[in-house]
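First the structure, in the form of structure tokens, and then the observations on it.
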Amino acid sequence: MKKIALFILLNCTLFSPVLPCQNLTLLVEGYDSGETSLLDSLGYVKKHVNYQSIVNEVDSLKSTCYRLGYIETKLQSLSRQNDTTFKAKLHLKNKFHTVYIYYDVSVLSKNSLEAISVQSNDRYFEVQFKDIEAVMAYLNAEIAKKGYPFTKLKLTDIEVDQGTLKARLKIDRDDQKRTIDTIVIKGYEKFPASFIKHYLKIKPEQTFDLASLKNKTEKLNNLRFANQIKPPEILFTEDATAIYLYVEKSKSNAFDGFLGFGTNEDDGKLEFDGFLNLVLSNNLNYGESFRLFYKSDENDQKTFEAGIAMPYLFKTPVGFDMQLHLFKRDSSFTNANQSYKLHYQINPKHTIYAGYKTLTSNNLLSNSTASISDFDANYISLGYTYIDLRMNDVLFPTDAMITIESDFGKRKTPNVSESQSKFLVDAMNLIRINTRNSIYARFNAGAIQSNQYLENELLRFGGINSIRGFEENSLYANLYGLINTEYRYRLSNTIYAHSIIDVAYFENDIIDTKEKLFGFGVGFGLLTNSGLFRFVYANGKSENQGFKLSNSKVHLSLTTSF
């Protein structure tokens, strides 16, 4: 019995085409030298561990030839040349560059073919052979967009007619068109329903399109008060389609404040200034936000703002904003500004708005001056905003932002009434060079067009949120433009350092001044358990002024979410 088993083992080892202990070589030849050269250029695998690997490689090579247009490729022979070498002979025959695909115009519209075919009619369309797989995937996606997610496409009746390759497109799809019947929120059940309809633009009875649905739900990550936990899931039943969205509520309330100090140029004493900015967002699960702002600076100027924004009013795509702005400069004057806006969100990044503003200013000086006077003003406001957020980046959550606003109206003083217009542009962009290095750039400009100007209506700028190295709101202008730049280096996910180079130009026609300003400095940001702490050290100078350390400003701020 043992001799029989040993004989069988030796026979299988010596004469079996499977040689597990040797390296086998595959050589492939074509019908002629041209075909052989082409097959060599395809880069097939020549070394194999067994015979089955060789068979698989030959099949793979035939499939590659089919995809290149040699659909008549045939394996003429696969023979063993010696103990370790096998030779395969293939005949590629003719190469087909194009294929004419016949289709049913009642199932597939001719418009769907414009992006993939250079020639089409109501019977067939022509495509490049090498693009067949991409074309089939494209057509499948186009049909799926129309509410048929389970569609299957294949080419049948393939034939060669007088050197022309022809095929028929067979489309198997459900008779019932799929629409969205139910939308279920998981995780944050009180997520405002108006945001599903108007922000995500998903609503019942909408044609089901999986690709579009995934793109829409990704916009949840751009919301400040919520984010998507995982991609949506779909439940298909015989006659209904349910969408499950997985959302969690995020910390969206924010407190922002800073403390600044510098040396008074007149008496050399240390002076402090600062502000607080409180934003309460989505506490009522409506998507609303409330903002409270207060600032007091070293120029004895005080600013108070309160505003509320209500999106999707009465379940419509229109939102409402209201704001009160109060400003007092020492004992010179006070300004009270009210604004009311209706905004329409085109999509999550683009918003347009229109509104109405009133401005009342009171002169507090006992001795009247020509530059300060009581007045009332009314304006019609038009504006546009764009914002691109990256909420998963805590240090730099905003990639780009643009605000453009124009106001048109009249200003009335006790003696005269005249037309005015105001313009504002505020834009920023963060250029991410790589994971550690980035460049921040911001452009901010404003202008008032009027026959005469009053000091208590001029635009105010300067400080940590404007041109750094200057006192808060210490610069008055009827026209100004400034550029903030920073080179930012991220040391880790919680800390970054940056440079400061600011340039500004402003005009004040009341005192006949045109001046250029510069700010230089350094800073850093540190993400702590309490929030983002920022430190800025900057020195400001005018065009004809040298640098003085006494003009340096230090700004500290803390932004926290809760």
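Every number in this text was worked out from the coordinates using simple rules, so none of it is lab data. Please read these numbers as outputs of a predicted model, since none were measured by experiment. All Cβ positions, even for glycine, are placed from backbone atoms using ideal geometry, and neighbour counts span all protein chains on display.
Taking the Cα atoms only, what angle lies between the long axis of helix 2-15 and the longest principal axis of the chain, rounded to 10 degrees?
Between helix and principal axis, roughly 70 degrees.
Among 68, 135, 88, flag the residue with its Cα farthest along the positive direction of the charge dipole of the chain, charges on Cβ as +1 for Lys/Arg and -1 for Asp/Glu.
Value: 88.
Using a cut-off of 17 Å between alpha-carbon atoms, which aspartates and glutamates can reach residue 412, once sequence neighbours fewer than 8 places away in the same chain are excluded?
Correct list for residue 412: 374, 376, 455, 457.
How high is the relative contact order of the range 102-251, in percent, with contacts defined as C-alpha pairs under 8 Å that are six or more residues apart?
For the range 102-251, the relative contact order is 20 percent.
Quick one: helix 51-67 against the long Cα principal axis of the chain, what's the angle to the nearest 10°, folded into 0 to 90?
It is inclined by approximately 60 degrees.
Using +1 at the Cβ of each Lys and Arg and -1 at the Cβ of each Asp and Glu in the range 254-561, identify which of 285, 339, 378 lies farthest towards the dipole's positive end.
Most positive-ward Cα: 285.
Between 434, 348, 253, whose Cα lies farthest towards the positive end of the dipole of the chain when Lys and Arg beta carbons carry +1 and Asp and Glu beta carbons carry -1, centred on the Cα centre?
434
How big is the dipole moment of the range 182-249 about its Cα centre under a simple scheme where the beta carbon of each Lys and Arg is +1, that of each Asp and Glu is -1, and everything else is neutral? Debye, nearest 20, please.
Taking the Cα centre of the range 182-249 as origin, the dipole is about 460 debye.
Sorted by average packing, counted as other Cβ atoms within 10 angstrom per residue and highest first, what order do 542-549, 152-159, 383-390 take? Please list the in-between numbers first.
Details: 542-549: 10.1, 152-159: 11.6, 383-390: 15.6.
Descending mean neighbour count gives 383-390, 152-159, 542-549.
Taking the Cβ of residue 227 as the center, what net charge do the other residues with Cβ under 11 Å away carry, scoring Lys and Arg +1 and Asp and Glu -1?
Local charge sum for residue 227: +3.
With everything on Cα atoms, drop me the angle between helix 132-145 and the longest principal axis of the chain, reported from 0 to 90° to the nearest 10.
Approximately 50 degrees, to the nearest 10.
Which entry in [x] 30.6; [y] 25.4; [z] 24.5 matches Kirkwood radius over Cα pairs in Å derived from the coordinates of this structure?
Computing Kirkwood radius over Cα pairs in Å and matching it to [x] 30.6; [y] 25.4; [z] 24.5 gives [x].
Cα gyration tensor of the range 254-561, axes a ≥ b ≥ c as square roots of the eigenvalues: rounded (a/c below 1.5), prolate (a/b > b/c) or oblate?
oblate
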